[in-house]
Amino acid sequence: MPPYIVGIRFQKVGKIYHFDATNLPDLKVGDFAIVETARGRQLGEVVQIIENPPPPPEGTWKPVQRKATPRDLLIRQLWQRKEAEVVSTCRSRAIEFGLVGVKIVSAEFSFDGSRLSIYYNTETGEKSELRALRNAIRRVYPRAQVEFRQIGPRDVAKILGGMGACGLDNRCCSRFLTEFSPISIKMAKEQGISLTPSEITGMCGRLRCCLIYEYEQYVEARKELPKRGKRVKTPDGEGKVVDVYPLKETILVDLGELGEREYSREVVEPWDELEALRRKSASPDCNGNGRCSLERQNNG
């Protein structure tokens, strides 16, 4: 009998983790469950039923301990209410200790309050010495195992939320992105997007995540189109490609005295290939159809 694997999410827009729920066959999407994680016992929501699960990453899946009860959900809410208090306390103590450039972003208790994770960011991106601050917070919350976790600017934007640089009322990272993909300037260039910093930079100060959304479509579309600067043959004569519109599958061609005209890829032919074929056809070693005889080819 195959294992019953479910996908559980611990945050509203967070990564999905797989757990073995074979001992709870009635567990379904929308239910809440208690599981053991690297950060202690956690309460999460079942968001997927994995039909054909891949091999477990570490030899076996961790089991779902049990289905959450109404009391479990109430306990989780009580600890969540304390998280804002932790952030406020931590920020005050950071000022007292003179921790310049350290930004306390959020705090998170485990399901039963046994662990307290405090997320912070630094202006330089380098680690800061937080031993004094950690000891102070441990004295305030002695029953919890306190840990400080440094996060990047994209994670900060995801947690804080707010309007996106494009004008959407909520940023993509806070709305649906569960993981951050590597983004490069090449992606903006491939799509013909202006490289002005304000056009390609998100509220986090990094390249916008949305630059990757249509990147693959542009790459595939460009494979079927001639590049800028290439000479092509059009129904109106020979010209030079001055611009490419991948999603429309058209190109803009400079025809000299006729000006610039737009053509679909079906009606243009690469001039260099046609010229090479013409020269080959005119060669004394080739017949009138432009094909060299097999006998001459075999003779070298």
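Taken together, the values in this text are just the output of simple stated rules run on the coordinates, not laboratory data. These numbers come from a predicted model, not from an experiment. FYI the Cβ positions are ideal-geometry reconstructions off the backbone, even for glycines, and counts take in every protein chain you see.
Worth a mention:
- The alpha-carbon positions of region 11-76 define a convex hull whose volume is 103 Å³ per residue.
- Nearest-20 debye value, the chain charge dipole, Cβ charges on Lys, Arg, Asp, Glu: 1500 debye
- Amide H contacts of TYR120 (H built 1.01 Å from N, in plane; Pro and chain starts excluded): VAL105, ARG149, GLN150, ILE151 sit under 5 Å, all sequence-distant by 5 or more or on other chains.
- Extension gain (nm, one decimal) between SER264 and SER88, 0.36 nm per residue minus Cα-Cα: 57.4 nm
- Cβ-derived FRET efficiency at R0 35 Å, THR22 paired with ARG71, nearest 0.05: 0.90
- Taking other C-beta atoms within 10 Å as the exposure proxy, LEU177, LEU207 rank LEU177, LEU207 from fewest upward.
- Close amide H contacts of ILE5 (hydrogens built in the peptide plane, cut-off under 5 Å, sequence separation of 5 or more or a different chain): ALA21, ILE50.
- Taking the number of Cβ atoms within 10 Å of each Cβ as an exposure proxy, the fewest-first ranking of ASP72, ASP254 is ASP254, ASP72.
- Sorted by Cβ neighbour density within 10 Å, fewest at the top, the residues CYS166, CYS90: CYS166, CYS90
- The slack in the chain from LYS62 to VAL219, taken as 0.36 nm per residue of separation less the alpha-carbon distance, amounts to 52.5 nm.
- Nearby lysines by direct alpha-carbon distance to LYS62 (threshold 19 angstrom, same-chain neighbours under 8 apart not counted): LYS15, LYS28
- Fully extended contour minus Cα-Cα distance, from ASP236 to GLU147, at 0.36 nm per residue: 25.0 nm
- Across the chain, the longest run free of exposed loop sites, meaning trypsin sites (Lys or Arg not before Pro) lying outside DSSP classes H, G, I, E and B with no more than 13 other Cβ atoms within 10 Å, spans 29-126.
- Loop-located GluC sites (Glu not before Pro) in region 30-122 (DSSP state not H, G, I, E or B) with no more than 16 neighbouring Cβ atoms inside 10 Å: GLU51, GLU58.
- Computed from label points 7 Å out along Cα-Cβ, the spacing between VAL29 and LEU168 is 2.1 nm.
- Once both labels are positioned 7 Å from their Cα atoms along Cα-to-Cβ, the gap between PHE176 and VAL100 label points is 4.4 nm.
- Summed over all non-identical Cα pairs, the Kirkwood treatment of the chain gives a radius of 25.0 Å.
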